[in-house]
Each structure stands twice: as C-alpha cells, then as structure tokens.
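FYI, it's all coordinate maths here, none of it is from the lab. Computed from a prediction, not measured in an experiment: that's the story for all the values here. Positions of Cβ are generated from backbone atoms using ideal geometry, with glycine treated the same way; all protein chains shown enter the neighbour counts.
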C-alpha cells in the first residue's frame, strides 16, 4: 500500500509490546506491496522488526487474514525444522500465536531483513536466476516433510471473474467529469474488452484441463517474483508467503517465462536431481490467470475500495505498466520456453 492505515499507532505499539514481550517505540510506514500495510518497527537495544498489518475494512485484506492460519505455521516450521531457511519466519507471541488481532486490524511480526529488494533488479543476472531456480527446487523438495492439512490446495479457481465482469461494466458508466484516474482507466481498459473476454475464455478452458491433470502437487510459494525476494549479505531471502499453496510446480515457474527461463530451469533441475517435464498448458494457465487476477484486484481498488488518490494512481500505474502491457508477450514467451527446453544444460 502507498499510504498508511488510519489506525491508532500508539495502541498498536502497546499491543505489540504486550503480546510479544518486546520494547518497541516507533512505527515507520513502508510504502510497498498491495496485500497489506507494511511497517518498520523500531525498539530499544537496536531492535528492528517488519510488521504486516491487515485492514479489517478492506475485503481483499480480510481474505488475506483468512489465509494466515494456513501459511504462517507452515513457514514457521519450514524455517525452524531447517527445511527451508531462506525465508523470514513469523515471530510468535509469548502465548505462541502467529498474529495479534485488534478491533480494526490484524498484525503479524517478522524479523526485519536488511537488504535490497529485487523488484527493480530486472533483467536478473545468471547468478540470481540460478539461485532462484535452486530455491524453488528446495522448497518443492520439502513437500513431503511439511504438514499439508492446513494448506490451501490448488483448485484452479477463477473466483475473481464476477468481480472483473462487475468492474468492466462499471467502466462503461464513467463520465468525462469524473476523477482523471477513472477517465484514464476507462480509456485504457475498455478498448481491451474483447481481448479480456478472449483471455477469460482461454483461461477457463485451460483451467478445466488443469483440474483433470493427475500430476503431482508440491509446496509452492505462489508469487516468486523479484518484489518478494530480498538480496542480503548471506544470499536471497524469500518473503510474502501469503500465496503458499499445494500446486503443480509450474506455478512457481510462471514468473520466469521469457528471457532467462533456461538458466532458471536448468538450476531447478540440477537441484531436483533429475529431468523435469513441464506442462506448457499448465504454465499458460497460470500466466493468464495471474494477469487477469491482478487486473481485477487493481480495478476493484480503484472503483470500489475506500482508497485515497495516491493509492488509486498507483493502482492505475500497475494496470498500465505491469499488467495490460504484458499480455501480448504471454504467447511468444510460452513459445520461447517450449523451444528452449531441449537446449537446457
């Protein structure tokens, strides 16, 4: 989020100190991400923590809260059992809980990872691609050693479709006197309406085929892009595990289709220890669903959620320069992946 949550920060700090037994005294907002509010929490004796706060009044963030009980224990066990150490494990309260709940928000505390986000590091170097490929494989290899009972299982859901259809209909009603962000949204998205309909038809077809595929499911991060990777002095740390899910491995390959895929995938196979077959249509499903789901979320933010102009302008920027401008590259990237697979080393 680009602007901080309107909440009683003093009460939040007091609650954190009580529940976690820490001595924090300063909360600094970090304008990043869109699934929750991010803060740096400073305390005495050079204590530093990363705090993620979910707004109870935001429907998207309420869905994020509902996922906490699944992925927080899983990531804690991944880290503390030594199965996957390249992550920021949640800090538990003195009572052993993974979160605290206030009247207007829910908060989760993590250690603060000093380092550089890879969000702006594209195109990745060979070394980074190899490291990410190895990390993806290590995570997938941990599947049999993690309790999966509380984890989300992939169902190839397209539950965003009603929201997308509602948003597209609302765009038709925008008038010339409305907010400039809304006008720009209408001008850029509505001309793509036929393309969006074609993408929806394709992803629904691909989803039905994916659901019928008997292939194995592994523990997937679900959103393994550069913004969820921090390069620090001892390597790369994976953050933001909200999308943790038991799914086909192609889900974690999806962020690397295009240039560099062969490097990423060769490192993945090397760590796995044997050749891995990729289901190209599964990969295609995840690519199209990813973009359509993101489009829906940003449209809903701008059109319906009670967000300020700064956040709305940011979400418009994301739609224009991190979403619709990439749709025409999906199929060429898929073709490049398929063509390049025989050449990997």
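Label points 7 Å out from Cα along the Cβ direction at residue 40 and residue 236: separation in nm?
2.4
Find how many whole Å separate the alpha carbon centroid of the stretch 222-256 from the alpha carbon centroid of the stretch 1-24.
Value for the Cα centre distance between the two parts: 27 Å.
Take every Cα pair under 8 Å in the stretch 9-112 that's 6+ residues apart, average their separations, divide by the length, and report that relative contact order as a whole percent.
25
Classify the stretch 1-152 as rounded, prolate or oblate, taking a ≥ b ≥ c as the square roots of the eigenvalues of its Cα gyration tensor: rounded when a/c is under 1.5, otherwise prolate if a/b is larger than b/c and oblate if not.
prolate
On full extension of the chain, what length is gained from residue 47 through residue 304, given 0.36 nm per residue of separation minus the C-alpha to C-alpha distance?
Gain on stretching residue 47 to residue 304: 88.7 nm.
Gap in Å between the Cα centre of the stretch 109-187 and the Cα centre of the stretch 291-326?
Cα centroid to Cα centroid, the span is 12 Å.
Percent relative contact order of the chain, based on C-alpha pairs within less than 8 angstrom and at least six residues apart?
For the chain, the relative contact order is 18 percent.
Under 1.5 on a/c is rounded, so check that first for the stretch 147-186, then, if it is not, pick prolate when a/b is larger than b/c and oblate when it is not; a ≥ b ≥ c are the square roots of the alpha carbon gyration tensor eigenvalues.
Verdict is prolate for the stretch 147-186.
At 0.36 nm per residue, and after removing the present C-alpha to C-alpha distance, how many nm does the segment from residue 76 to residue 28 gain when stretched out fully?
Once the chain is fully extended between residue 76 and residue 28, it gains 14.8 nm.
Add -39500 (n - 2.57) for each DSSP H run of 4 or more in the chain, then divide by its residues: what number comes out at 222 nm, to the nearest 500 deg cm²/dmol? Provide the component values of the computation, followed by the final result.
Numbers: 11 runs with 156 residues, N = 345.
Value at 222 nm, helices only, nearest 500: -14500 deg cm²/dmol.
By how many nm would the segment from residue 147 to residue 187 grow when fully extended, if each residue of separation counts as 0.36 nm and the alpha-carbon distance is taken off?
In short, 9.6 nm is gained.
Can you tell me how the chain classifies by the Cα gyration tensor, rounded, prolate or oblate, using a/c under 1.5 as the rounded cut? Please list the in-between numbers first.
Working: a/c = 1.74, a/b = 1.09, b/c = 1.60.
Because a/c hits 1.5 or more and a/b fails to exceed b/c, the chain counts as oblate.
Compare the peptides 25-33, 53-61, 317-325 by average per-residue count of other Cβ atoms within 10 angstrom and give them in order, highest first.
Details: 25-33: 14.2, 53-61: 18.7, 317-325: 15.8.
Answer by packing, highest mean first, reads 53-61, 317-325, 25-33.
Which residue fluctuates most in the GNM of the chain (Cα springs below 10 Å): 124, 261, 253?
Answer for the Gaussian network model of the chain: 124.
Packing-wise, with mean Cβ within 10 Å as the measure, how do 288-299, 189-200 rank, highest first?
With the highest mean Cβ count within 10 Å placed first, the list reads 288-299, 189-200.
If r is the Cβ-Cβ distance from residue 8 to residue 276 and R0 is 51 Å, what FRET efficiency results, to the nearest 0.05? Present the calculation step by step, with values, prior to reporting the outcome.
On the way: r = 50 Å, r/R0 = 0.99.
Step by step, r from the Cβ atoms, then E = 0.50.
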